[in-house]
1. Using alpha carbon coordinates only, what is the Rg to Rh ratio of region 42-158, with Rh defined as the Kirkwood radius?
2. For residue 4, enumerate residues with amide H under 5 Å from its amide H, sequence gap 5+ or separate chain, H modeled in the peptide plane.
3. Going by Cα centres, region 271-349 and region 135-158 are how many Å apart?
4. Expressed as a rounded percentage, what relative contact order does region 246-319 have, with Cα pairs under 8 Å and six or more residues apart?
5. Please tell me the relative contact order of region 111-160 in percent, rounded to the nearest whole number, where contacts are Cα pairs under 8 Å and at least six residues apart.
6. Pulled fully out, how much extra length does the chain show between residue 326 and residue 221, if you take 0.36 nm times their separation in residues and subtract their Cα-Cα distance?
7. Taking a ≥ b ≥ c as the square roots of the Cα gyration tensor eigenvalues, with a/c under 1.5 meaning rounded and otherwise prolate when a/b beats b/c, else oblate, which class fits region 230-349?
8. Going down the list 122/216; 19/66; 19/216; 216/268; 116/305; 66/122, which pairs span over 22 Å between their C-alpha atoms?
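Nothing in this text is a laboratory measurement; each read-out follows from the coordinates by a stated rule. This is a predicted model, so every value here is computed, not measured.
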Amino acid sequence: MPATVLDPGDEYVLNHCTKHINRSGFDEASSATISEAWRFPIVGPMREDNPAPFDGNLVTFVYRLKPGDERPVRILGTFATLYEPIPLKRVLFQGDDTGYRAVSFVVPQSQVHTYKFYIDGKFILDPINPQRVQLANGRLWSRFFTDGYLQPLVLELWELRTLYRLIEQILPFRSAESENFLKRYYFGLNRDQRKNDMAKAYRLDTSVGEVNAIDKLLAREEAHRLTDYRLCLRQIDRALRKQNPFIDPYEMPAENYVQLYEAMAASKPGDNSIPGWDYGEYDNPAYFLYLLRRHAVTAAFSHPKYAGNVGAAGWGYLSERYVSQQTGATLFDWRPALEPPLGTSRYYR
C-alpha cells in the first residue's frame with residue numbers, strides 16, 4: 001500500500017531522539033549503548049495541524065550516521081509498498097548535519113508492522129529498536145506496533161489464560177459489584193462506542209484489557225522481564241497441576257489460585273515452600289508476584305492507547321468508587337485531563 005509521509009520537522013526528531021541516541025562510542029551495529037532503545041521507532045500522536053484524513057500514529061524512524069556521511073539510507077516496511085525503499089532525510093541543527101537520518105509516516109492505529117533499513121546495498125535490521133520477529137521463512141525483521149494494538153505479540157495463548165486467572169486475584173474488577181459496574185459503564189456508551197470498545201474489551205479477557213497491555217509491555221519497554229514471565233508462568237502451571245492434576249490450570253476454581261497466590265507472597269528465596277516450583281530455575285516467587293502486581297496495576301489504569309484500560313473503564317471504576325461524602329461529586333474526575341473522544345479537554349493532545 002502507498003505510504004503517507006509527513007515531515008514533523010527536524011526539531012521534533014531531535015527532541016525525541018538525541019537524549020537517547022547521543023552517546024559517545026555509539027556503534028552502528030549494536031544498541032547496547034542506547035538509552036531506552038524501546039522508544040524507537042517513535043510512535044507518537046497525530047498533531048492537529050497534520051492533514052491526515054484518518055486516526056493514526058505518526059511513526060518516525062531514525063538512523064544514525066556520523067555528521068557529513070553522505071551514504072543514502074532507505075527503509076522498506078509492510079506499512080508501505082514492499083518493492084520501493086523510501087529514503088530518510090538529513091536532520092539538521094542550526095543548518096549543520098547532525099548525522100541523524102529520519103523519515104515519518106502516518107500509520108493507522110491498532111496495527112503491527114515489520115521493516116528493515118537499506119544501506120550500502122544491503123538490508124539490515126534496525127540497530128536501535130530491540131523488537132524483532134522471525135518470519136515463517138526464518139528471516140528476522142524489525143517490528144513495531146501502533147497504539148491500541150490488541151492481539152498478543154510475545155505471550156502464548158496458555159500463558160495469556162494463566163495470566164488472566166492470576167490477575168483476577170490482584171485487581172478489583174472481577175467482584176460481583178465490579179462486574180455490575182463494568183456492564184453499566186459499557187452499556188452506557190453510545191452504539192458506535194459500544195461497537196468499537198466492547199469487542200476490544202472482551203477479545204482476550206473480560207475485565208479491562210490488562211492482559212493485553214502486559215503483553216505489550218513485555219514486547220517493548222519491559223522486554224527485559226519477558227524471561228521472568230516465561231519461567232514463572234511455566235512454574236505456576238506446574239505448581240497448579242501439583243495441587244490438582246485432573247483439571248487444566250485455566251479451568252481450576254479460584255481457590256487454587258488464591259492458595260498459590262498466598263504461598264508465593266509468603267515464599268522466601270530458595271525456601272522450597274511451593275510444591276512443584278523449581279527454585280533452582282527461579283528462586284524468588286514473591287518477586288515475580290511483585291512484578292505481576294506492578295504490571296497489572298499499570299496496565300489497568302494507564303492511558304487506553306497502551307491496550308489496557310479499554311474505553312477508560314479502569315478510570316471510570318475509580319471515578320464511581322471514590323466519591324465525596326459531602327458533595328456526592330467524584331474525587332477522580334479524569335475526563336477534563338484527557339483528549340477527545342473519551343475525554344473533554346481541548347488542550348491535552
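1. Taking Rh as the inverse mean 1/r over Cα pairs, Rg/Rh reads 0.99.
2. For residue 4, whose amide H was placed from the backbone, the distant partners under 5 Å are 106.
3. 24 Å
4. Averaging sequence separation for qualifying contacts and normalising by length gives 17 percent for region 246-319.
5. Contact order relative to length: 38 percent.
6. So the extension gain works out to 33.6 nm.
7. Prolate, because a/c is 1.5 or more and a/b exceeds b/c.
8. 122/216; 19/216; 216/268; 116/305
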